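One structure is given below, encoded as structure tokens.
Throughout, read-outs are computed from the coordinates displayed, never taken from laboratory work. Please read all numbers here as calculations on a predicted model, not as lab measurements. Here the Cβ is made from the backbone with ideal geometry for all residues, glycine too, and neighbour counts use every protein chain on show.
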Amino acid sequence: MVGLTLGYVLATISILLAIKRQAEISQHQAEIAEKAANAAAKSADGLVNAERAWVMVYLSSPARPHTMYEYVLSVKNWGRTSGHVISVYSEPKIVNRLDDLPREPEYSAGGLKDVRFLAPQESWEFDSYNPSEILSKEQWDEIHGGKKKLIYYGVTTYRDIFKEDTHYSRFCYTYSSSLGFFILLGPPGYNKYT
């Protein structure tokens, strides 16, 4: 009888050890499955990012540098799907130095609202800017001479077709007195997109 009881005890211990081992294997497989699910979600997000609308703002350069010609502002959807442009805001500003600007841009109320849909690779000219309309000759001479900086900055907000998330593209163009036209240049918070 003792032998039979000892056999049952050993069999029970073996079964309990097998159950413990099976639980450890199951736990390990669950961790692997969770990692695979997270990787799949990241891959899907990456695919959405690659396919979604990417709307950027551009300020054209004049045919002749160092002149106060009219600049054209346009938005372009560089993405592979349509985007809904919700708003566009832009304004010129004169500063002594770019370092004088706040870390994060401050936008006034106004601008264009509920603007339009942009197909993939579609551009839309939404505004034009002629520095001679707002600058005096003295201001232009200070800017052209490098004593002051003329910037043109703003933001466009838009949605893509995949999510209801609102994206934005901030931009800041600075007049380069050496090149004679605006270049994409400003503090980090001014040239940023999501």
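Within the range 124-143, does at least one residue satisfy the condition of being in contact with a His (Cβ under 8 Å, 6 or more places away or on another chain) and farther than 13 Å from Tyr89 by Cβ? Can you show your working first?
Step one: list which residues in the range 124-143 are in contact with a His (Cβ under 8 Å, 6 or more places away or on another chain), which gives none.
Within the range 124-143, none of the residues are in contact with a His (Cβ under 8 Å, 6 or more places away or on another chain) and farther than 13 Å from Tyr89 by Cβ.
What's the total number of residues in the range 128-147 that are buried (at least 16 other Cβ atoms within 10 Å of the Cβ) and either among the acidic types (Asp, Glu) or under 15 Å from Met56 (Cβ atoms) (or both)?
Step one: of the range 128-147, the residues buried (at least 16 other Cβ atoms within 10 Å of the Cβ) are 129, 131, 135, 140, 142-144.
Within this subset, residues satisfying the condition of being either among the acidic types (Asp, Glu) or under 15 Å from Met56 (Cβ atoms) (or both) are 142.
Final tally of qualifying residues: 1.
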